[in-house]
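Beneath this line is the structure, given in structure tokens, with notes to follow.
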Amino acid sequence: MDRRKFLKQVSLWSAGIIITPPVFNFTPKLFGSPLIKPDILVAKGEDYPGLVRQVVHSLGGMQTFVKNGDKVVIKPNIGWDRNVEQGANTHPLIVAELAKLCLDAGASKVFVFDRTCNEERRCYNNSGIKSAIKEIRDKRLRLEYIDDRKFVPVNIKKGKVLREWSFYKDALEADCYINVPVAKHHSLSRLSIGLKNVMGVIGGWRGKIHYKLGAKLADLNMVIKPELTIVDATRVIVRNGPQGGDLDDVKILNTIIGSLDPVAADAYATTLFGLKPHQIKSTVEAYKRGLGQMDLGKCNIRYLKA
């Protein structure tokens, strides 16, 4: 089975033509090969849009990921009714700059969305992301609320723990999926970074995912594979995450991390909290499945000058 056949099943299920869940039974592009030494780009400074441009340019430019006419999904964390200073959501300037780069690269549509934990309208507004997207004024760019009718059950044939779960149709069908998590403390998984951000494009009762969380996150990330991961570590919650709220729990790092390898991006971001990649179960499980490289000694880490 290949991606084209899988997406045909998704369309047929959505149209009510078939009743059995689409089967995800192919191997996406992997980064776990010992022959591959993934790049990790690290940029620091207070000009967040400039840092985004610098990181994306150093990874080959947005045209490497977005082709003319592509439908793009930019997936930030907008899960919490928190403002920018509280650090619980992806910074709006980072999201907006990525959207501009995708539009400049020729995307036909750019979707931004998240399945929020708090009330969605308050999250979109208070995060600053709604106003940042609105300011771009391009009809190709759409900030959308989740539509529960668009979740599609998927049979994860190669899942180790999770064999079936529902995913958001737009995330499944995107020509280019860009993951833009905020790095922060999490009371259950220790940290919430890129692999954890997949929770915002799945349906069902997400509380069930928290049992054997690391393995289940790895299974979910077999289905949703980002072409690009940009980690927002400008303001990180170091305690009482993922929702936070107390500014004393926020540490300003003014750092943005970029990589084509989602596991490597998480692995590096982990070190910003004084932890090692092997201490985060989702990172270990994703590495075991060949979804990326967690050994930073086998990565090409480049620090960009502001």
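In terms of accessible area, using a 1.4 Å probe and ignoring ligands and nucleic acids, LEU296, LEU93, LEU172 rank largest first as LEU93, LEU296, LEU172.
Calculated accessible area for region 54-156 comes out at 44 Å² per residue, all protein chains present (probe 1.4 Å; ligands, DNA, RNA ignored). Extension gain for SER166 to HIS186 (0.36 nm times residue separation, less C-alpha to C-alpha distance): 4.9 nm.
Counting only protein heavy atoms and using a 1.4 Å probe, the accessible area of ASP138 comes to about 40 Å².
Beta bridges from DSSP with both residues in region 156-261: antiparallel share about 75 percent, rounded to the nearest 5.
If you sort the three axes of the alpha carbon gyration tensor as a ≥ b ≥ c, you get a/c under 1.5 for region 36-304, which makes it rounded. Peptide packing for 44-56, 105-117 was compared via the average number of neighbouring C-beta atoms within 10 Å per residue; ordered from the highest value, the list is 105-117, 44-56. When only Cα pairs below 8 angstrom with a gap of at least 6 residues are kept, the chain shows a relative contact order of 24 percent. Surface composition of the chain: carbon and sulfur make up 49 percent of the accessible area, probe 1.4 Å. Shown here for region 171-265: chymotrypsin sites (Phe, Trp or Tyr not before Pro) in loop regions (DSSP other than H, G, I, E, B) with at most 15 other Cβ atoms within 10 Å, namely TRP205, TYR211.
In plain terms, the chain from ASN68 to THR20 could stretch by 13.9 nm, reckoned as 0.36 nm per residue minus the Cα-Cα distance.
Considering helices alone, the calculated mean residue ellipticity of the chain at 222 nm is -7500 deg cm²/dmol, with DSSP H runs of length four and up weighted by -39500 (n - 2.57) and normalised per residue. Of all aspartates and glutamates in the structure, those lying under 14 Å Cα to Cα from LYS75, and not within fewer than 8 positions of it along the same chain, are GLU97, ASP114, GLU144, ASP170, GLU173, ASP175, GLU227, ASP232.
Just to confirm, what accessible area per residue do you get for region 211-282 at 1.4 Å probe, in whole Å²? Result: 34 Å² of accessible area for each residue.
The values are calculated or read from the model by the stated rules, or taken from the named source; none is laboratory data. These figures come from a predicted structure and were not determined experimentally. Virtual Cβ from ideal backbone geometry, glycine too; neighbours counted across all protein chains shown. With ligands, DNA and RNA removed, areas are computed over all heavy atoms of the protein, side chains included. Shrake-Rupley method; radii C 1.70, N 1.55, O 1.52, S 1.80 Å.
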